[in-house]
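The values are calculated or read from the model by the stated rules, or taken from the named source; none is laboratory data. The shown structure was predicted, so the numbers you read here are calculated from the model rather than taken from an experiment. Using ideal geometry, Cβ is built from the backbone for each residue, glycine included, and neighbour counts are taken over all protein chains shown.
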Amino acid sequence: MINEELITDVARRHDFVLLFDVTDGNPNGDPDAGNLPRTDPETNQGLVTDVALKRKVRDWIDMGYGKQERLKIYVQHGAYLTDTRNRIFGSHSEGGKSGSINEGRTWMCEEFFDVRMFGAVMSMKEANAGQVRGPIQLTFARSIDPIAPMDITIVGPAQNASQSKRAEGDESDKFGTMGRKSFVPYGLYRAHGFFNPHFARQTGVTAEDMTLFWQALELMWDVDRSASRGFMASRGLYIFSHTSALGDAPAHRLLERITVERRTEVAVPRSFNDYQIKINEEDMPEKVSLTKLVHG
(Lines give C-alpha, C1' and ligand atoms only; values in the text may rest on other atoms or scores of the structure.)
Protein backbone atom coordinates (compact mmCIF):
# COMPACT_ATOMS: atom_id res chain seq x y z
CA MET A 1 0.00 0.00 0.00
CA ILE A 2 1.51 3.31 -1.10
CA ASN A 3 1.21 6.17 1.36
CA GLU A 4 0.59 9.07 -1.02
CA GLU A 5 0.42 11.62 1.79
CA LEU A 6 3.98 10.68 2.74
CA ILE A 7 5.61 11.10 -0.67
CA THR A 8 3.66 14.31 -1.47
CA ASP A 9 4.46 16.00 1.84
CA VAL A 10 6.29 19.18 0.81
CA ALA A 11 7.55 19.75 4.36
CA ARG A 12 9.78 16.64 4.19
CA ARG A 13 13.03 16.01 2.38
CA HIS A 14 12.83 13.27 -0.26
CA ASP A 15 15.71 11.46 -2.01
CA PHE A 16 14.97 9.03 -4.82
CA VAL A 17 16.38 6.54 -7.31
CA LEU A 18 14.96 6.39 -10.84
CA LEU A 19 15.61 3.38 -13.09
CA PHE A 20 14.63 3.30 -16.75
CA ASP A 21 15.72 1.32 -19.78
CA VAL A 22 15.93 1.64 -23.54
CA THR A 23 15.73 -1.09 -26.17
CA ASP A 24 16.90 -0.39 -29.73
CA GLY A 25 16.70 3.37 -29.30
CA ASN A 26 18.66 6.52 -28.60
CA PRO A 27 17.74 7.88 -25.15
CA ASN A 28 19.81 11.07 -25.47
CA GLY A 29 21.82 11.93 -28.57
CA ASP A 30 25.07 13.92 -28.38
CA PRO A 31 25.11 16.73 -30.97
CA ASP A 32 28.90 16.93 -30.67
CA ALA A 33 29.21 13.29 -31.77
CA GLY A 34 26.83 13.08 -34.72
CA ASN A 35 23.86 12.43 -32.40
CA LEU A 36 25.31 9.14 -31.18
CA PRO A 37 24.04 8.09 -27.73
CA ARG A 38 25.95 9.92 -25.01
CA THR A 39 28.67 7.89 -23.29
CA ASP A 40 31.36 8.25 -20.67
CA PRO A 41 34.54 7.90 -22.78
CA GLU A 42 36.45 6.17 -19.97
CA THR A 43 33.87 3.53 -19.00
CA ASN A 44 31.58 3.43 -22.08
CA GLN A 45 28.61 3.70 -19.75
CA GLY A 46 25.66 5.47 -21.32
CA LEU A 47 24.61 8.92 -20.11
CA VAL A 48 21.32 10.81 -20.18
CA THR A 49 21.47 14.41 -19.02
CA ASP A 50 19.30 15.91 -16.31
CA VAL A 51 18.08 18.40 -18.93
CA ALA A 52 16.74 15.55 -21.10
CA LEU A 53 14.93 13.98 -18.13
CA LYS A 54 13.34 17.29 -17.13
CA ARG A 55 12.29 17.85 -20.75
CA LYS A 56 10.29 14.62 -20.61
CA VAL A 57 8.64 15.67 -17.35
CA ARG A 58 7.77 19.05 -18.87
CA ASP A 59 6.26 17.47 -21.99
CA TRP A 60 4.14 15.05 -19.94
CA ILE A 61 2.79 17.84 -17.73
CA ASP A 62 2.19 20.10 -20.73
CA MET A 63 0.27 17.45 -22.70
CA GLY A 64 -2.02 16.55 -19.83
CA TYR A 65 -2.34 19.71 -17.77
CA GLY A 66 -0.67 22.59 -19.61
CA LYS A 67 -3.87 24.63 -20.01
CA GLN A 68 -4.69 24.57 -16.31
CA GLU A 69 -3.81 27.31 -13.87
CA ARG A 70 -0.42 26.90 -12.17
CA LEU A 71 0.48 23.99 -14.47
CA LYS A 72 1.74 25.79 -17.56
CA ILE A 73 5.27 25.09 -18.81
CA TYR A 74 7.73 27.97 -19.20
CA VAL A 75 10.55 26.25 -21.13
CA GLN A 76 8.84 25.26 -24.38
CA HIS A 77 10.15 24.06 -27.74
CA GLY A 78 10.48 26.99 -30.13
CA ALA A 79 9.19 29.56 -27.63
CA TYR A 80 10.78 32.92 -26.89
CA LEU A 81 11.16 33.13 -23.13
CA THR A 82 11.21 36.93 -23.11
CA ASP A 83 7.83 37.00 -24.85
CA THR A 84 6.45 34.62 -22.24
CA ARG A 85 7.72 36.75 -19.36
CA ASN A 86 6.39 39.92 -20.97
CA ARG A 87 2.97 38.32 -21.23
CA ILE A 88 2.99 37.31 -17.56
CA PHE A 89 4.25 40.71 -16.41
CA GLY A 90 1.61 42.41 -18.54
CA SER A 91 -1.24 40.31 -17.16
CA HIS A 92 -0.21 41.12 -13.58
CA SER A 93 0.55 44.81 -14.03
CA GLU A 94 -2.49 46.07 -15.94
CA GLY A 95 -1.03 45.73 -19.41
CA GLY A 96 2.37 47.16 -18.62
CA LYS A 97 5.70 45.45 -18.15
CA SER A 98 6.49 47.03 -14.81
CA GLY A 99 7.05 45.06 -11.66
CA SER A 100 9.89 44.38 -9.28
CA ILE A 101 12.16 41.39 -9.58
CA ASN A 102 10.60 39.82 -6.50
CA GLU A 103 7.09 40.33 -7.88
CA GLY A 104 8.12 38.85 -11.21
CA ARG A 105 9.65 35.83 -9.51
CA THR A 106 6.44 35.25 -7.57
CA TRP A 107 4.29 35.58 -10.70
CA MET A 108 6.42 33.11 -12.64
CA CYS A 109 6.34 30.55 -9.82
CA GLU A 110 2.57 30.87 -9.58
CA GLU A 111 2.06 30.41 -13.31
CA PHE A 112 4.55 27.72 -14.31
CA PHE A 113 5.00 24.20 -13.00
CA ASP A 114 8.58 23.87 -14.23
CA VAL A 115 9.72 27.18 -12.73
CA ARG A 116 8.19 26.17 -9.40
CA MET A 117 9.75 22.68 -9.43
CA PHE A 118 13.03 23.00 -11.36
CA GLY A 119 13.83 26.68 -11.03
CA ALA A 120 14.88 29.04 -13.83
CA VAL A 121 17.26 31.86 -14.72
CA MET A 122 15.07 34.84 -15.71
CA SER A 123 17.39 37.76 -14.99
CA MET A 124 17.10 39.49 -18.35
CA LYS A 125 16.67 43.14 -19.28
CA GLU A 126 13.03 42.73 -20.26
CA ALA A 127 10.62 41.49 -17.60
CA ASN A 128 13.40 40.68 -15.14
CA ALA A 129 12.22 37.94 -12.78
CA GLY A 130 15.62 37.14 -11.30
CA GLN A 131 16.57 33.56 -10.55
CA VAL A 132 14.59 30.74 -8.96
CA ARG A 133 16.32 27.77 -7.38
CA GLY A 134 14.01 24.80 -7.76
CA PRO A 135 13.45 22.20 -5.04
CA ILE A 136 13.74 19.26 -7.47
CA GLN A 137 17.27 18.46 -8.61
CA LEU A 138 18.24 15.51 -10.84
CA THR A 139 21.60 13.96 -11.64
CA PHE A 140 22.70 12.61 -15.00
CA ALA A 141 21.41 9.09 -15.57
CA ARG A 142 24.19 6.53 -16.05
CA SER A 143 23.80 3.02 -17.46
CA ILE A 144 24.52 0.12 -15.12
CA ASP A 145 26.79 -1.56 -17.69
CA PRO A 146 28.77 -0.22 -20.66
CA ILE A 147 26.60 0.24 -23.73
CA ALA A 148 27.37 -0.46 -27.39
CA PRO A 149 26.28 2.61 -29.42
CA MET A 150 25.47 1.59 -32.98
CA ASP A 151 25.15 3.72 -36.10
CA ILE A 152 23.54 2.04 -39.09
CA THR A 153 22.54 3.10 -42.58
CA ILE A 154 18.83 3.24 -43.34
CA VAL A 155 17.14 3.62 -46.72
CA GLY A 156 13.79 5.34 -47.22
CA PRO A 157 11.40 3.85 -49.83
CA ALA A 158 10.68 7.19 -51.54
CA GLN A 159 12.83 8.74 -54.26
CA ASN A 160 13.57 12.42 -54.76
CA ALA A 161 14.75 12.57 -58.38
CA SER A 162 12.12 13.50 -60.96
CA GLN A 163 11.19 11.09 -63.76
CA SER A 164 12.94 13.32 -66.32
CA LYS A 165 16.19 13.22 -64.37
CA ARG A 166 16.00 9.47 -64.09
CA ALA A 167 15.42 9.32 -67.85
CA GLU A 168 18.64 11.31 -68.28
CA GLY A 169 20.49 8.65 -66.34
CA ASP A 170 20.53 10.33 -62.93
CA GLU A 171 20.39 7.37 -60.55
CA SER A 172 21.72 9.21 -57.49
CA ASP A 173 18.76 8.09 -55.41
CA LYS A 174 17.87 4.90 -57.26
CA PHE A 175 17.48 3.03 -54.01
CA GLY A 176 15.68 5.80 -52.11
CA THR A 177 16.90 8.38 -49.63
CA MET A 178 19.87 7.26 -47.53
CA GLY A 179 20.15 8.14 -43.87
CA ARG A 180 21.75 7.16 -40.55
CA LYS A 181 20.23 5.87 -37.35
CA SER A 182 21.98 5.75 -33.99
CA PHE A 183 20.77 3.54 -31.17
CA VAL A 184 21.61 1.43 -28.14
CA PRO A 185 20.66 -2.28 -28.37
CA TYR A 186 19.85 -2.23 -24.65
CA GLY A 187 20.71 -0.13 -21.64
CA LEU A 188 19.40 0.11 -18.08
CA TYR A 189 19.99 3.59 -16.65
CA ARG A 190 20.01 4.93 -13.11
CA ALA A 191 19.48 8.55 -12.00
CA HIS A 192 19.22 10.12 -8.56
CA GLY A 193 16.95 12.96 -7.50
CA PHE A 194 16.45 15.19 -4.50
CA PHE A 195 13.60 17.31 -3.14
CA ASN A 196 14.47 20.23 -0.86
CA PRO A 197 11.46 21.50 1.14
CA HIS A 198 13.16 24.80 1.98
CA PHE A 199 13.24 25.80 -1.70
CA ALA A 200 9.74 24.34 -2.18
CA ARG A 201 8.41 26.74 0.43
CA GLN A 202 9.96 29.66 -1.46
CA THR A 203 8.51 28.64 -4.84
CA GLY A 204 5.08 27.55 -3.56
CA VAL A 205 5.18 23.82 -4.37
CA THR A 206 2.02 21.94 -3.35
CA ALA A 207 1.12 18.30 -2.73
CA GLU A 208 -0.62 18.31 -6.13
CA ASP A 209 2.64 19.33 -7.78
CA MET A 210 4.42 16.42 -6.10
CA THR A 211 1.72 13.95 -7.15
CA LEU A 212 2.06 15.02 -10.79
CA PHE A 213 5.85 14.90 -10.62
CA TRP A 214 5.90 11.28 -9.37
CA GLN A 215 3.33 10.31 -12.01
CA ALA A 216 5.43 11.97 -14.70
CA LEU A 217 8.55 9.98 -13.75
CA GLU A 218 6.55 6.78 -14.13
CA LEU A 219 4.51 7.60 -17.25
CA MET A 220 6.47 10.21 -19.24
CA TRP A 221 8.01 7.61 -21.54
CA ASP A 222 4.57 6.79 -22.97
CA VAL A 223 4.13 10.26 -24.48
CA ASP A 224 7.66 10.40 -25.84
CA ARG A 225 7.40 7.50 -28.29
CA SER A 226 9.27 7.88 -31.56
CA ALA A 227 11.22 5.73 -34.01
CA SER A 228 14.49 7.16 -32.70
CA ARG A 229 13.64 6.49 -29.03
CA GLY A 230 13.07 2.76 -29.50
CA PHE A 231 11.27 1.35 -26.47
CA MET A 232 11.79 3.12 -23.16
CA ALA A 233 10.12 2.39 -19.83
CA SER A 234 10.33 3.25 -16.15
CA ARG A 235 11.66 0.24 -14.24
CA GLY A 236 12.11 1.54 -10.73
CA LEU A 237 11.23 4.56 -8.59
CA TYR A 238 12.32 4.33 -4.96
CA ILE A 239 11.63 7.29 -2.69
CA PHE A 240 13.28 7.81 0.70
CA SER A 241 11.17 10.25 2.75
CA HIS A 242 12.50 11.92 5.88
CA THR A 243 10.49 13.24 8.81
CA SER A 244 12.20 16.62 8.79
CA ALA A 245 13.02 19.30 6.26
CA LEU A 246 16.78 18.96 6.83
CA GLY A 247 16.66 15.17 6.60
CA ASP A 248 17.45 12.38 9.02
CA ALA A 249 20.23 10.55 7.15
CA PRO A 250 22.80 11.32 4.43
CA ALA A 251 21.32 10.91 0.96
CA HIS A 252 24.20 8.82 -0.39
CA ARG A 253 23.80 6.25 2.39
CA LEU A 254 20.13 5.84 1.56
CA LEU A 255 20.58 5.67 -2.21
CA GLU A 256 23.26 3.00 -1.79
CA ARG A 257 20.58 0.72 -0.36
CA ILE A 258 19.22 0.25 -3.90
CA THR A 259 21.63 -1.90 -5.90
CA VAL A 260 21.25 -3.18 -9.45
CA GLU A 261 23.29 -6.17 -10.58
CA ARG A 262 23.55 -8.07 -13.83
CA ARG A 263 22.71 -11.75 -13.36
CA THR A 264 25.83 -13.87 -13.26
CA GLU A 265 24.72 -16.10 -16.14
CA VAL A 266 24.18 -13.11 -18.48
CA ALA A 267 27.16 -12.07 -20.59
CA VAL A 268 25.48 -9.33 -22.63
CA PRO A 269 22.29 -7.80 -21.19
CA ARG A 270 19.45 -7.36 -23.63
CA SER A 271 16.42 -6.99 -21.34
CA PHE A 272 15.41 -5.82 -17.88
CA ASN A 273 15.11 -9.46 -16.80
CA ASP A 274 18.87 -9.77 -17.19
CA TYR A 275 19.22 -7.69 -14.02
CA GLN A 276 18.13 -8.05 -10.43
CA ILE A 277 17.33 -5.22 -8.05
CA LYS A 278 18.28 -5.62 -4.41
CA ILE A 279 16.86 -3.39 -1.67
CA ASN A 280 18.56 -3.30 1.70
CA GLU A 281 15.93 -2.43 4.29
CA GLU A 282 17.89 -3.69 7.29
CA ASP A 283 18.78 -1.11 9.91
CA MET A 284 16.89 1.59 8.02
CA PRO A 285 17.18 4.90 9.87
CA GLU A 286 14.19 5.12 12.17
CA LYS A 287 12.91 8.41 10.77
CA VAL A 288 13.25 7.49 7.09
CA SER A 289 10.55 5.68 5.10
CA LEU A 290 11.07 3.89 1.77
CA THR A 291 8.29 3.93 -0.85
CA LYS A 292 8.61 1.58 -3.84
CA LEU A 293 6.49 3.58 -6.26
CA VAL A 294 7.66 1.58 -9.29
CA HIS A 295 9.33 -1.80 -8.85
CA GLY A 296 10.12 -3.95 -11.89
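Taken together, the residues in region 239-278 that are among the aliphatic types (A, V, I, L, M) and in contact with a Ser or Thr (Cβ under 8 Å, 6 or more places away or on another chain) amount to 2.
Within region 150-197, the set of residues being modelled with pLDDT of 70 or more, exposed (fewer than 12 other Cβ atoms within 10 Å of the Cβ) and of a type outside the set (S, T, N, Q) comprises ILE152, ILE154, VAL155, MET178, GLY179, ARG180.
Whenever a residue of region 24-53 is without any contact (Cβ under 8 Å) to a residue 24 or more places away in the chain, its partners that are among the aromatic types (Phe, Trp, Tyr) and surrounded by 16 or more Cβ atoms within 10 Å (Cβ to Cβ), lying with C-beta atoms within less than 9 angstrom and at least six residues away or across chains, give the pairs ARG38/PHE140.
Restricting attention to region 281-294, the residues being loosely packed, with under 12 Cβ neighbours inside 10 Å and touching a strand residue (DSSP E or B) at 6+ places or on another chain (Cβ under 7 Å) number 1.
Answer with yes or no whether VAL132 is within 23 Å of VAL51 (Cβ to Cβ), free of Cβ contacts under 8 Å to residues at least 12 places away in the same chain and not polar (S, T, N, Q).
On the way: within 23 Å of VAL51 (Cβ to Cβ): yes; free of Cβ contacts under 8 Å to residues at least 12 places away in the same chain: no; not polar (S, T, N, Q): yes.
No, not satisfied.
Scanning region 65-78 for residues being of a type outside the set (Ser, Thr, Tyr) and within 19 Å of ARG105 (Cβ to Cβ) gives a total of 6.
Say we look at region 223-275 and pick out the residues that are basic (Lys, Arg) and more than 29 Å from VAL10 (Cβ to Cβ); which of these is surrounded by the most Cβ atoms within 10 Å (Cβ to Cβ)? The extreme case among them is ARG229.
With respect to the conditions (1) farther than 24 Å from GLU256 by Cβ; (2) surrounded by 14 or more Cβ atoms within 10 Å (Cβ to Cβ), PHE16 falls short on a single one, namely (1).
In this structure, does LYS278 turn out to be exposed (fewer than 12 other Cβ atoms within 10 Å of the Cβ), modelled with pLDDT of 95 or more and basic (Lys, Arg)? It is true that LYS278 is exposed (fewer than 12 other Cβ atoms within 10 Å of the Cβ), modelled with pLDDT of 95 or more and basic (Lys, Arg).
The rows are residues; the columns are (1) among the polar types (S, T, N, Q); (2) over 16 Å from GLN202 (Cα atoms); (3) in the same structural domain as ALA245 (by TED's automatic domain parsing).
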position: PRO27; (1), (2), (3): no, yes, yes
position: ARG55; (1), (2), (3): no, yes, no
position: GLN76; (1), (2), (3): yes, yes, no
position: ASN86; (1), (2), (3): yes, yes, no
position: TRP107; (1), (2), (3): no, no, no
position: GLU126; (1), (2), (3): no, yes, no
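Out of ASP32, ASP50, ASP21, ASP83, report the one residue that is surrounded by fewer than 15 Cβ atoms within 10 Å (Cβ to Cβ), within 20 Å of PHE183 (Cα to Cα) and among the acidic types (Asp, Glu).
Numbers: ASP50 fails: surrounded by fewer than 15 Cβ atoms within 10 Å (Cβ to Cβ); ASP21 fails: surrounded by fewer than 15 Cβ atoms within 10 Å (Cβ to Cβ); ASP83 fails: within 20 Å of PHE183 (Cα to Cα).
Unique residue meeting the criteria: ASP32.
Among the residues examined, PHE231 does not qualify as in contact with a strand residue (DSSP E or B) (Cβ under 7 Å, 6 or more places away or on another chain), touching a residue at least 40 places away in the same chain (Cβ under 8 Å) and either under 29 Å from ARG201 (Cβ atoms) or outside the structural domain of GLY25 (by TED's automatic domain parsing) (or both).
Is at least one residue of region 86-94 acidic (Asp, Glu), outside any helix (DSSP H, G or I) and within 30 Å of ILE277 (Cβ to Cβ)?
Narrowing region 86-94 to residues acidic (Asp, Glu): 94.
Going one step further and asking which of them are outside any helix (DSSP H, G or I), we end up with 94.
Among the residues that remain, those that are also within 30 Å of ILE277 (Cβ to Cβ) are: none.
No: zero hits.
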